[in-house]
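Chemist: What follows is a structure written as structure tokens; I'll ask about it next.
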Amino acid sequence: MKRLACALAFATLLPAAHAVEYTQVQPDKSAINFVYKQMGVTVDGKFRKFSSQLKFDPAKPTAAKASFDVELASVDTGAAEGDEEVAGKAWFNTKAFPTAQFVSTSVKALGGNKVEVAGRLTIKGKTQDVVVPVTFTAQGNTAVFDGAFTIRRADFTIGEGAWAKFDIVANDVQIKFRITASTK
């Protein structure tokens, strides 16, 4: 019994050697998707290429940091013609604005495995504050971060000219993501 008590006492004196910090995003196991309505029908899409930086310690969630750069020309609407249209000037204008960027500004712990990430989202040179609810699930040296939030495409001038109206393509676009990160 004395050995067990000594071992437990010694273990509590060790520095936070058991702290886990997820920093290595695994792009092949991660996804950034979007959902919108076109003529009342739900349409799904995704972005095939993005880079990111992440620093998340579940023991210190408020110290977390995240940033994402999404290559807008990597849009996948499910049809080559749609991809070309959305990359064009009226929508993303990828020649002038090749990336969208999200940079976190603060993280609020909500309890359990939930956090709320506030940050700045920039698309087509326009920046908006967004708040993103995120759920994380730790699986050993890997964690999965799931979240979703809605943007209004008009706030970023996505869809100009005849596309500025919302009768064909809705203003609300839901962004969904699943980010897998490891400790190494």
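Every number in this text was worked out from the coordinates using simple rules, so none of it is lab data. This structure is a prediction, so every number in the text was calculated from the model and none was measured. Positions of Cβ are generated from backbone atoms using ideal geometry, with glycine treated the same way; all protein chains shown enter the neighbour counts.
Chemist: Would you be so kind as to identify which of Gly112, Phe149, Met39 lies farthest towards the positive end of the dipole of the chain, taking Lys and Arg as +1 and Asp and Glu as -1 on Cβ and the Cα centre as origin?
Modeler: The residue sitting most towards the positive pole is Gly112.
Chemist: Please work out how much length the chain gains when fully extended from Arg178 to Gln24, using 0.36 nm per residue of separation minus the C-alpha to C-alpha distance, in nm with one decimal.
Modeler: 54.0 nm
Chemist: Is it possible to state the helix-based mean residue ellipticity at 222 nm for the chain, with each DSSP H run of 4+ residues giving -39500 (n - 2.57), the sum divided by total residues, to the nearest 500 deg cm²/dmol? What is it?
Modeler: -3000 deg cm²/dmol, from helical runs alone.
Chemist: Sticking with this one: Treating only the Cβ of Lys, Arg, Asp and Glu as charged (+1, +1, -1, -1), what charge dipole size does the chain show about its Cα centre? Round to the nearest 20 debye.
Modeler: Magnitude of the dipole: close to 780 debye.
Chemist: Where Lys and Arg each count +1 and Asp and Glu each count -1, what net charge lies around Val134 among other residues with Cβ under 11 Å from its Cβ?
Modeler: Cβ neighbours under 11 Å give a net charge of +1.
Chemist: Given the options Phe136, Gly88, Phe177, identify the residue whose Cα lies farthest towards the positive end of the charge dipole of the range 19-182 (+1 on Cβ of Lys, Arg; -1 on Cβ of Asp, Glu).
Modeler: So the residue furthest toward the plus end is Phe136.
Chemist: Same structure, new question: For the chain, take the longest principal axis of its alpha carbons; what is the angle in degrees between that and the long axis of helix 2-13, to the nearest 10 within 0 to 90?
Modeler: 40
Chemist: Less than 19 Å apart at the alpha-carbon level, and either on another chain or at least 8 residues along: which aspartates and glutamates does that give for Lys46?
Modeler: Cross-link targets: Asp28, Asp69, Glu71, Asp76, Glu81, Asp83, Glu84, Glu85, Asp146, Asp172.
Chemist: Also, quick follow-up: Give the share of C-alpha pairs in each 10 angstrom bin for the chain, from 0 to the last occupied bin, in whole percents, shortest bins first.
Modeler: Histogram of Cα-Cα distances, whole percents per bin: 9, 33, 29, 16, 6, 4, 3, 0.
Chemist: Let me ask you something else. Along the Cα-to-C-beta direction of Val35, a point sits 7 Å from the Cα; which residues of the range 72-88 have their amide N less than 17 Å from that point?
Modeler: It comes to 77-78, nothing else.
Chemist: Order 64-77, 82-95 from most to least packed using the mean count of other Cβ atoms within 10 Å.
Modeler: 64-77, 82-95
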